[in-house]
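The values are calculated or read from the model by the stated rules, or taken from the named source; none is laboratory data. In this text the structure is predicted, and so the values were computed from the model without any measurement. Because the Cβ atoms are built from the backbone with ideal geometry, glycine has one as well, and the counts that use them run over all protein chains shown.
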Amino acid sequence: MQDPKVLSTAASLTKRALEEFQASLFEVPEDYEITDADDLAAAGTVLRQVKSRFTELEDLRKTMTRPLDQAKRAVLELFAPVESNLKLAESRLKNAVSSFLRAQEAERRRLEAELRDKQEAERKAAEEKAAKLRAKGKDEQADDVISRVDATPIVVADVPKVPGVSVRGIWKAEVTDLLALILWSAARENDSYLTADMPTLNAYARATKGAAPIGGVRFYEEASVAVRS
């Protein structure tokens, strides 16, 4: 790696060289004007000189930046393997967290569906019993039977909070049947989905959270894991 003292010395020498370079430049007046062929020839000569000075300036700049570029490249190469390992570890851990959360969510939905089916069966049985009671004129007893049916259950996943780790769901779209998507779009005279425009479909997925289906498209929620140190 480049010695800081060497860099400082190089910077001082470069600054002095730039000052000398600047002092040797000729200035072109703001109102510079060409009035005849001789002026045009003179302007061409000066333009070539200016172009040449640009090349000289670039060479001078590179005498300062080339060692810095080489030093930076060496540092990046030195850090690259460790950084790669960290990124790999982060990716594997995030994937593990996402897999666990997906499994928890699948189990939550399964349990919720099971309880909902059970509640629906209880509701139908209660309605049948209440209907029989009402047929006998026992309205109060019928109302009591209906009131005893529990509300539709909602199951909350028992996932502990992990300090520094947060998870949010990102809705995405997947085209499963392009023809069905085109037909769906054409039937609604909506040319936004005549092609599988994934940015548009993903934006639709985020906006509707999968609640408004589109023919030939599957909407799904993907967990995104964010970590702060």
Item to check | Residues of region 80-97 satisfying the condition of being over 25 Å from GLU222 (Cβ atoms), surrounded by 10 or more Cβ atoms within 10 Å (Cβ to Cβ) and not acidic (Asp, Glu) | outcome: ALA80, ASN85
Checklist entry - How about region 178-227: which of its residues are touching a strand residue (DSSP E or B) at 6+ places or on another chain (Cβ under 8 Å), assigned to a loop (DSSP other than H, G, I, E, B) and among the basic types (Lys, Arg)? => result LYS209
Item to check | Pick from region 155-192, criterion modelled with pLDDT under 75 and β-branched (Val, Ile, Thr), ranking: surrounded by the fewest Cβ atoms within 10 Å (Cβ to Cβ) | outcome: VAL156
Checklist entry - For region 193-222, which residues satisfy the criterion of being over 24 Å from ALA106 (Cβ atoms) and either modelled with pLDDT under 85 or touching a Gly at 6+ places or on another chain (Cβ under 9 Å) (or both)? => result TYR193, LEU194, THR195, ALA196, ASP197
Checklist entry - Which members of region 179-206 meet the condition of being touching a residue at least 12 places away in the same chain (Cβ under 8 Å) and under 27 Å from ARG102 (Cβ atoms)? => result ALA180, LEU181, ALA196, MET198, LEU201, ASN202, TYR204, ALA205, ARG206
Next on the checklist: Tell me the residue from ALA113, ALA223 that is within 41 Å of the chain's Cα centre (by Cα) and in contact (Cβ under 8 Å) with a residue 60 or more places away in the chain, please.
Outcome noted: ALA223
